[in-house]
1. Quick one: if you stick a label point 7 Å off each Cα along the C-beta vector at residue 374 and residue 278, how many nm between them?
2. Quick check on packing: order 409-415, 196-202 by the mean number of other C-beta atoms within 10 Å, highest mean leading.
3. Taking the Cβ of residue 362 as the centre, find all other residues whose Cβ is under 14 Å away and add up their charges (Lys, Arg: +1; Asp, Glu: -1).
4. Set the Förster distance to 45 Å, then compute FRET efficiency between residue 396 and residue 178 from the Cβ-Cβ distance, nearest 0.05.
5. Go through the range 458-464 residue by residue and turn each phi into a ³J(HN,Hα) via Karplus (6.51, -1.76, 1.60, θ = phi - 60°); whole Hz please, and just put x for glycine and proline.
6. Rg to Rh ratio, the range 344-390, alpha-carbon atoms and Kirkwood radius?
7. Cβ under 12 Å from residue 291's Cβ, residue 291 left aside: what net charge do those residues give with Lys, Arg +1 and Asp, Glu -1?
8. What residues from the range 434-470 fall in the zone where the backbone N is under 12 Å from a label point 7 Å along the Cα-to-C-beta line of residue 335?
Amino acid sequence: MAQHRRPDRPDELLRPRSGARQREQLHDAGRGGVRPTPGRAPFRPRRRPTRGEAGARALRPRALVADHRLGGSGHRRLARRTPRRRHRGPAGPVGPQRRTTADGRGPVDLHRRPLEPAARRRGAPSAGGPAVNEKAPGPDDVRRAVIVGSGSAGRRHLTALRCRFPDAELVMVRRPDSTTPLDVPAEQGAVLVESLDEALGAGPADLGVVASPAPFHVEHTAAFVEAGVRCVLLEKPVATSAELAEPLVGLAAGSTDVVVGYHLRWSDTAPAVRSLLLDGVVGSVTSFGFHSAQHLSNWRPWARTEQTVSGRAELGGGILLEISHELDGLRWLLAGSHGEVDRVAARLRFDGAPTDGNVDTVADIDVVLADGTSGVVHLDMTSPVHERRWHFDGPDATLWADLLTGRIERRGPGGTEVLVDAAAEGERDRAEGGLIDHVLAVQAGLTEPGCTVEDGIEVLQIVDAARRSHEDGGAPVDTVRTQPGTGGSARA
């Protein structure tokens, strides 16, 4: 059988096949026969893939070619080697896990919030920018999205968006001196540009993603708001300090919605823990502990650790900012019933990991909530063993969770009861998918942001207090909350 010829030049990859030849072959196929073309494999009509097959199909490789329609050699487009097949329905991982609540009230979605109708402010002028279109595009109508940052978070968001929008134009802003790999942008057919101004100047965007280093988050979010982008996914941390994050409150108060990307809220295990605590499996929580440890060299094996964002102070590195998921989880799980963090006492270290020497590598934080409930948070990038454990003590028992395996136990006087043996494979991907789906629901006006700018600033207030405590020799320090729009502050 004749073999397909592999294109020798990149420009052949975009050359369309002859429509006349395809119609002729289809005509012959419809009569029950296939007339082979000399030098080519005979045409055989394909059946339409099922939704399951379409979702599981791997993305095909693409090649990097110049696209002069986008502005000449200064722009690069990562084009597919073969035509993209279209299919119906979202591709990607299976939907959210559903388990039964402890009191047997039936299945509950453990990592997505209900899509409640919300009053939108569409059409109102954004702060310092043009009016936004009155009709919000739905989750199936994202034609163009811009992602700032080509690091691990940016690449994850790019992949998730491509799974949901096979034909959308996805633009990734990547610095010219960036050392991040190009494999994922190539696989996902991303358009690479060197600045956000260039990306926004080339056309309107339906969705913005800020996955750049933390010191640039406010600037990049403001650029999306001024461009009239309807919804922005802002990666954590929202800034490097609560004071520097204050402008985000005003930016998120206009016509642009901002969702902060603490993705554990959309995982399997963290929402399951929250549901169990709300159901009172241990009674009222009297103490708690959060433990997260992993050596920095294992975070991004493809890069020199001292050159990564995590290891450089000027890029917002350090364990307090990089692994602030535990601080957000503390608030998300306990603030509603016990109040916000009122006081912290912290001890920080700056050694034990290949960094620039100026970022915190270990943080041990004693935390007291508004009602007096206390606990500890341990974060480090120095431990050779990767661990992530949370526990909550109550008068009746202790709820213990391993966030790496998904195992959840209730430990009490009568023994240990395994509530969840393990999360299904792919929990990390489901968390990413749940976050992206929530962002799309917010963009469509179906719900309000499940993690807000205010949530992100509350986390930074804990970080700021921990830094002040360390500078004061580990003495207890009250958290200080900034008053939005005034520049003033107040103690908790």
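Since every read-out is calculated from the coordinates, none of them should be taken as a lab result. Owing to the predicted nature of the structure, the values given are computational and were not obtained by experimental measurement. Because the Cβ atoms are built from the backbone with ideal geometry, glycine has one as well, and the counts that use them run over all protein chains shown.
1. Placing both labels 7 Å along Cα→Cβ, they lie 3.0 nm apart.
2. The peptides rank, most packed first, as 196-202, 409-415.
3. Taking every Cβ under 14 Å from that of residue 362, the sum is -4.
4. Calculated transfer efficiency: 0.30.
5. 4, 4, 5, 5, 5, 4, 4
6. 1.06
7. -3
8. What the label zone holds, given the 12 Å backbone N cut-off, is 451-463.
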